[in-house]
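Student: After the structure tokens below, expect a handful of questions from me.
The values are calculated or read from the model by the stated rules, or taken from the named source; none is laboratory data. Predicted, not measured: the structure shown is a model, and the values here were computed from it. When we count neighbours, we look across all protein chains shown, and the Cβ atoms used for this are built from the backbone with ideal geometry, even at glycine. Note: areas computed on protein heavy atoms with side chains; ligands, DNA, RNA excluded. Shrake-Rupley method; radii C 1.70, N 1.55, O 1.52, S 1.80 Å.
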Amino acid sequence: EKPGGKWKWTSQAFEAPLCSFQELVNVENTPMLLAEAVERVRAMCGGQNFSWERSHGSYGGKLHINFPIVLWYQHSWENEIKKSRTSCAVSFLHRSGCAFVYQPTVPVTTLIIEPKQIFRPMFHFDPRSVHTFKLAWRHYLDFDSTDYRLIVGSELERWCQRCSNAIEKPFNATYWLLLMIGSLYRETLTMRNVVPKLDPPEQVPVICVDSFVALSALLFAPERQVLYAGVDPTPSYLRWLQYIADQNNFRKTKPVNAANAATVFEMNEFLDLPVVIIFYGRPSRGKEADPLAWAGNPALVKSYISRFCEDNKCGCQVELATRLYTSCSLGCTGAGDGNKPWFCWNGLQICEIGVPMPHTQAAFLSPFLSSKYVAFLCHLHGPDGYIPSEKQKGTGGRLDSKQSSQMEGTDLDEPEKPTRSSSMKTGSMMSTMDNGPESCAASQAGDAGDSDEEESESRRSWSFNTQSGLAGVGKIDKEKAARSGYKCSCGQYIFSDKGAAPKPRGKAEGTFGHTEGEAAKLRQALLALQEYDLMHTFVALMSGGLNLAKSVLRLHFSIDPGAYQNLPEPSCKSYEEALMPWYREFHRMDMHNRSRHCMLLTSILRGMLGDGLTSGLHTEALDMLRLPLPTAEEKEKLDKSDKVPAPRQMLGRATAVGGAPHSLFAGASGAQRSPSQILQRQQSRESLASDERPDRQVSKAVGSKRFLTHAQVSCALNGCDSPLGLKHHFETFHQWCHSAHLLPFVKRCYRRCGIAGLAAGQHVGRHSK
């Protein structure tokens, strides 16, 4: 009602239908692009429910979520209906003691880079290589026939082989795009005077490749990360790439106070990888002659992200990088004032998130390459794709059931079986959990006997991707699939490419059409980078939803010491001996660092708040625990336990191998392994596998997983053990967000009861009555 031009509040009693935990986690999953998911939040952004903390006109550092509530005591005549209000605060500025730790993981998706048709003789030596090599580098290097004869000359075949080795490994720049997106939103806060301008040191080397001498030093150097800056970059662009390549290390030594405020993102723990910046030509002088022109200019930073994606052909990875950024914020109960502690969305002050291990060694060869977005473990398109042997070629390339079973490995170094969908229904996962922990993570392979049923389920679950073709893959090679006996799994982790430009017929039109198609894909990918207020309202909802989802998960599985206080003695004191092995198994990760704990978190979040807050493709590794290998005593306890089998040992991990002075890791406990021990253990595994199966070679034979092995070793060398122990993770949790704070949850609850809305539009974030 609206008497006198003012809204009058009314209340109505209702009873929401009960929802079981199994129904909650089995809500239908519809994968959604981030741009579409953020647009759903636009109607809620800007109302009185989401208010930014302002100080002298600057805002953006803290967001308050406020909701009016009506307390109705239905069975009490003494208490009247009371109107109250509930609130929580979400901060995007750093708080003391809180940090997100980015752990390297084996990529779920990656870019396969291949030479363009005209430049293939550069990578595979043949009689055309001399002419192609000179023609290709003439546009980027300054040389004459004498330089070529003295430096390259008779070593051309060696140069071609080196170029081929550089592009052999899959390309992944998600980690660097994540840092760039964090820089984009930080400069928005700099423009609003929330955080000060940066003057980062120039510590990362910048190399201009203008001759064969410089190219030789780069091409034959040890493997390292490369950020390719294109041709004739501006000084501002180069300085910004230096800031990105530094990975915010220079901020770790500065005290964070009101005068030197920092965002949550830039104070996180990163991988600290060695990197070099490469460009061709000469730095151009123009409007961006000032090296710090990008400071406080988010529009310029966004144009730099677009340029980097265009030069490195990695625009399709912007979606995943932005998804990783959205899980970075801190929460607090109430208004967040005073001495109240702040926590990550997992209810702790430390939260670990998996980020794909980057590999950009071949970035400086991007002008001669084309990229294809595929699933890392796809048997047809992945880097370790199926290659038929001579014996199988003679039989038509098909595998019988016995040969197919021999091809599949049982170790964690082997990929998932192609008959298993990584989008397995959570209900079956829940049934295996209730029956015992003998089941593995939801994304791991299952039994071969259920292959027909699982394949049909996979087709039903992922039909939205396979109807219009796979992004970056195109039509599936049916002959290759029939020859290998495998099926393509790219559609399980890659959105369908509905906006792809049609392929032109003519040769002249082909180049133009190909360029237009890449530009359209880049524009589509950059739609994920929305304006600051809208994006961070989405981040606040996601963080609050994950905090509530973890509370529901802990309540269902009784993950808290308080659940066992009323047990009779000695059970109330010895429950840890029975629960800790199960909890370790509950957090046991597959090769992509996904666990059942992570899978259930995303499923509960989807059931409460709907689709879109996570990608829906099961690529996230949230609230992970990289625990050290069990000690001898723990192994004996696990072996003696009849209830819980010993967890499968994963690849050994080193603590703070990256060399950065991580203060958070000072208290980490557990067995540590040096890089030499990790490599030695990996080599022993490979030699054992080759001894048991003589027909399988480690490097290039059928079923070889050398790229997967390289990714796992890289993750082990650059990763670290969890700063928080398993017991602390079990016992500690702080819930700072409740269902009343989450408008999508309340909307879904009220709609189930037949009620259209809460109140007036200006009181519920512009939602209609």
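Student: Shape call for region 157-215 from the C-alpha gyration tensor, a ≥ b ≥ c root eigenvalues: rounded (a/c under 1.5), prolate (a/b greater than b/c) or oblate?
Tutor: Details: a/c = 5.26, a/b = 2.16, b/c = 2.44.
Cα axes put region 157-215 in the oblate bin.
Student: When ranked by the protection proxy of mean other Cβ atoms within 10 Å per residue, highest first, what sequence do the peptides 716-728, 115-127 form?
Tutor: On the way: 716-728: 20.4, 115-127: 15.5.
Ranked by mean Cβ neighbours within 10 Å, highest first: 716-728, 115-127.
Student: Sticking with this structure for a sec: How many nm is it between the label spots at Arg158 and Ser571, if each spot is 7 Å from the Cα in line with the beta carbon?
Tutor: Distance between label points: 7.3 nm.
Student: Where does the Debye-calculated log10 I(q)/I(0) of region 110-251 sit at q = 0.16 Å⁻¹, using only Cα point scatterers of equal weight, no solvent?
Tutor: -0.97
Student: Multiply the residue separation of Thr30 and Lys116 by 0.36 nm, subtract the distance between their alpha-carbon atoms, and state the gained length in nm to one decimal. Before the final figure, lay out the partial values.
Tutor: On the way: separation 86, 0.36 × 86 = 30.96 nm, distance 3.57 nm.
Result for the pair: 27.4 nm of gain on full extension.
Student: Here's a follow-up. Once the convex hull of the alpha carbons of region 183-288 is built, what does its volume come to per residue, in cubic angstrom?
Tutor: With only Cα atoms used, region 183-288 gives 109 Å³ per residue.
Student: If you don't mind, another one. Taking the simple approach of a point 7 Å from Cα along Cα-to-Cβ for both Ser145 and Ala43, what is their distance in nm?
Tutor: Here the answer is 7.2 nm between the modelled labels.
Student: Using the heavy atoms of the protein chains alone and a 1.4 angstrom probe, what is the accessible area of region 185-327 per residue in square angstrom?
Tutor: 36 Å²
Student: For a quick protection proxy, order the peptides 518-529, 556-567 by their average other-Cβ count within 10 Å, most packed first.
Tutor: Details: 518-529: 17.9, 556-567: 13.5.
Going by the mean number of other Cβ atoms within 10 Å, highest first, we get 518-529, 556-567.
Student: OK, next. Mind giving me the FRET efficiency for Asp337 and Asn193? R0 is 22 Å, r the Cβ-Cβ distance, nearest 0.05 is fine.
Tutor: 0.60
Student: Further question on the same structure: Under 13 Å from the Cβ of Asn297, count the other residues' Cβ atoms, weight Lys and Arg +1, Asp and Glu -1, and hand me the total.
Tutor: Result for the neighbourhood of Asn297: +3.
Student: Measure out, as a whole number of angstrom, how far apart the alpha-carbon centroids of region 350-389 and region 190-218 sit.
Tutor: 25 Å
Student: Rg and Dmax of region 304-369, using alpha carbons, in Å: what are they?
Tutor: Reported Rg and Dmax, both Å: 18.2, 57.
Student: From the backbone phi of region 291-303, what are the Karplus-calculated ³J(HN,Hα) couplings (6.51 cos²θ - 1.76 cosθ + 1.60, θ = phi - 60°) in whole Hz, Gly and Pro given as x?
Tutor: Values, residue by residue: x, 10, 5, 7, 5, x, 10, x, 5, 5, 5, 5, 5 Hz.
Student: From the cross-link list Lys313/Lys705; Lys302/Lys705; Lys313/Lys727; Lys169/Lys727; Lys169/Lys197, which pairs have alpha carbons spaced over 32 Å apart?
Tutor: Over 32 Å apart, Cα to Cα: Lys302/Lys705; Lys313/Lys727; Lys169/Lys727; Lys169/Lys197.
Student: Calculate what fraction, in whole %, of the accessible area of region 258-329 sits on carbon and sulfur atoms when a 1.4 Å probe is rolled over the protein chains.
Tutor: 56 percent
Student: Mind listing the long-range amide H neighbours of Leu369? Cut-off is under 5 Å, sequence gap 5 or more, other chains count too, H placed in the peptide plane at 1.01 Å from N.
Tutor: Counting only residues 5 or more places away or on other chains, the set is Lys116.
Student: Could you please state how large a percent of the accessible area of region 163-240 is carbon and sulfur, counting protein chains only and using a 1.4 Å probe? List each step's numbers first, then the result.
Tutor: Working: 1240 of 2440 Å².
Ligands and nucleic acids excluded, carbon and sulfur give 51 percent.
Student: To the nearest Å, what is the center-to-center distance of region 140-175 and region 274-326, using C-alpha atoms only?
Tutor: Cα centroid of region 140-175 versus Cα centroid of region 274-326: 25 Å apart.
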